Amino acid sequence: MTDTFAAPRAHTAEELAELDRRHLLHPFTPVGVSEQLVIVSGQGCEVTDSHGRRYLDGRSGQYNATLGYGHPRVLAALREQSEKLMTYALLGASNEAAVLLAAKLAELYGEPLTHSLFCNSGSEANEAAVRIVRMYHALRGQPERTTVLSLAEGYHGTTLAMSAMTASPLLWAGCGPQPAGFAHVPTPRCAACAAGEAHDECVVPGPEALEEAILAQGAETVAAFIVEPVLGVGGIRPLPDGYLRAVREICDRHGVLLILDEITTGLGRTGAWFAHQREGIRPDVITTAKGLTGGYVPFAAVTMTSTVAEAFAGDPMLGGLRHGHTTSGHALGAAVALTVLDVLDTDGVVANAATMGERLCGRLAERLGGLPGVREVRGVGLLAAVEFDSFMRAAQVVGACRAAGVIVRCEGTVLSVAPPLVVTAEQVDRIVDALHAGVLAADSAPPA
């Protein structure tokens with residue numbers, strides 16, 4: 001009989017691949033993918049696989065490795081906090097790191113965004129935001145305000161409620177019934193362009209589509225509108241200039257709360273601390289995750305205005321917020337987040353993201369725009385996309401980049417590029433060169 005609890009031994013690349021195939025389910029990945037990358041280490045903006053091959057990570061893991069890998073200050077914070085106190089639950093108690101992080105986020109956002117609830121993932125953060133806005137309205141004497149509106153092509157996570165907030169069947173088909181209380185708003189992009197159809201003039205639904213949706217539902221029944229400043233899974237699509245300002249006014253006019261999902265865009269990704277700051281607005285609730293801890297530990301935050309937070313004192317059942325998790329405000333995560341925020345501030349990382357983002361988006365447009373099969377190049381900061389005329393062509397480019405030692409991400413016909421915010425000019429150029437060569441190779445490849 002083998003000793004199930006024997007000390008782990010080193011495994012060969014082939015053994016890891018076989019164990020992966022037999023036991024590990026990969027999110028949103030077809031079963032049986034050949035030559036699955038097994039990453040074993042990382043340093044800076046590069047990662048190494050089980051065969052010892054090194055790659056420039058042009059997707060930051062899943063947009064979350066914002067400071068790259070092996071950052072010394074973050075690792076030091078992990079060690080220090082784990083030796084002092086791994087965590088202490090916030091149910092009727094607190095821990096130092098969570099307290100300091102909540103205060104830091106309040107300082108970073110400024111009034112009136114003063115109170116934060118911590119959880120473990122972006123999906124959980126957005127789920128909590130939905131519960132918070134519904135409970136807020138109920139406590140204010142409007143329990144009928146339960147409907148949450150979202151863009152049809154938006155993405156806010158994979159929990160049951162979050163999957164109901166997108167029109168994409170990829171998230172909800174076969175998982176029904178979907179929960180009630182959600183409705184979709186037309187995404188502000190041209191449908192003909194999306195379909196690759198010839199047309200004389202683009203028709204783009206504006207913020208008025210939100211007001212129409214509110215009135216169609218009955219304004220007195222709508223709790224909130226949740227939106228990403230740049231659609232992530234929906235194709236790396238920045239919202240049109242002025243859209244969020246108009247949305248803020250519409251929400252105020254109808255007593256609807258505005259939730260901004262900055263899970264992907266927050267903490268420097270777009271070249272600003274938060275993407276919504278470009279519009280000069282303030283949400284009622286904002287969610288962050290991914291870059292909050294740079295991918296070093298799972299952690300997320302829901303930050304709300306004092307008006308929203310203070311309403312929970314009037315809850316007749318508890319006198320507080322009836323939501324949370326065992327690891328809400330986990331001290332390790334909070335300590336890492338504090339360090340990540342300090343690195344972003346003191347090391348000029350956000351400014352670097354703005355400079356390198358301009359270089360990335362500019363050179364992608366210059367080198368790839370107009371090439372066969374390329375429909376559009378777009379992006380903001382270090383969050384860029386190349387849209388192709390087919391999934392097959394996009395997949396071929398991803399494969400060519402990987403063969404050249406650069407990892408990028410593909411969802412449908414859209415290839416996304418989002419390297420760590422500490423990326424250098426040389427590394428940006430390397431990514432662009434790999435993509436350019438990949439597009440040319442895909443164009444010349446025989447049809448599949």
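Structure data summary
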quantity: Whole-number accessible area per residue in Å² for the chain, which is evaluated in the context of all protein chains at 1.4 Å; calculated: 45 Å²
quantity: Share antiparallel - DSSP beta bridges, the chain, percent rounded to 5; calculated: 65 percent
quantity: Accessible carbon and sulfur surface of the chain relative to its total accessible area, %, 1.4 Å; calculated: 55 percent
quantity: Cα-projected label distance for residue 88 with residue 277, points at 7 Å along beta-carbon direction, nm; calculated: 3.3 nm
quantity: Of 314, 270, 339, farthest towards positive along the dipole that unit charges on Lys, Arg, Asp, Glu beta carbons give region 269-355; calculated: 270
quantity: Fully extended contour minus Cα-Cα distance, from residue 51 to residue 190, at 0.36 nm per residue; calculated: 45.6 nm
quantity: Helix-only CD estimate at 222 nm, as mean residue ellipticity for the chain, using -39500 (n - 2.57) per DSSP H run (n ≥ 4); calculated: -11500 deg cm²/dmol
quantity: Simple Cβ-charge dipole of region 248-351, Lys/Arg +1 and Asp/Glu -1, about Cα centre, in debye nearest 20; calculated: 180 debye
quantity: Cleavage-rule hits, GluC sites (Glu not before Pro), region 106-156, DSSP coil, Cβ neighbours within 10 Å at most 14; calculated: 144
quantity: Fraction of the pair-distance distribution of the chain above 41 Å, Cα-Cα pairs, percent; calculated: 18 percent
quantity: Cα-based Rg of region 341-448 normalised by 2.2 N^0.38 Å, two decimals; calculated: 1.08
quantity: Amide H within-cut-off set for residue 376, under 5 Å, with H built and near neighbours excluded; calculated: 387
quantity: Partnerless Cys - the chain, beta-carbon criterion under 4.7 Å; calculated: 45, 119, 175, 251, 361, 401, 410
quantity: Calculated FRET efficiency for the pair residue 168/residue 313, C-beta based, R₀ 60 Å, to 0.05; calculated: 0.95
quantity: Sites residue 21 and residue 108, calculated FRET efficiency, Cβ-Cβ separation with R0 41 Å, nearest 0.05; calculated: 0.40
quantity: In Hz, Karplus ³J(HN,Hα) per residue of region 289-300 (6.51, -1.76, 1.60; θ = phi - 60°; x = Gly, Pro); calculated: 7, 3, x, 4, 10, x, x, 6, 8, x, 6, 8
quantity: Rounded to the nearest 20 debye, dipole of region 47-170 from Cβ charges on Lys, Arg, Asp, Glu; calculated: 100 debye
quantity: Region 68-204, Cα convex hull volume normalised per residue, Å³; calculated: 227 Å³
quantity: Dipole magnitude of the chain about its Cα centre (Cβ charges: Lys, Arg +1; Asp, Glu -1), debye to nearest 20; calculated: 500 debye
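The values are calculated or read from the model by the stated rules, or taken from the named source; none is laboratory data. Computed from a predicted model, the values in this text were never measured in an experiment. When we count neighbours, we look across all protein chains shown, and the Cβ atoms used for this are built from the backbone with ideal geometry, even at glycine. Surface accessibility is based on the protein's heavy atoms, side chains included, excluding ligands, DNA and RNA. Shrake-Rupley method; radii C 1.70, N 1.55, O 1.52, S 1.80 Å.
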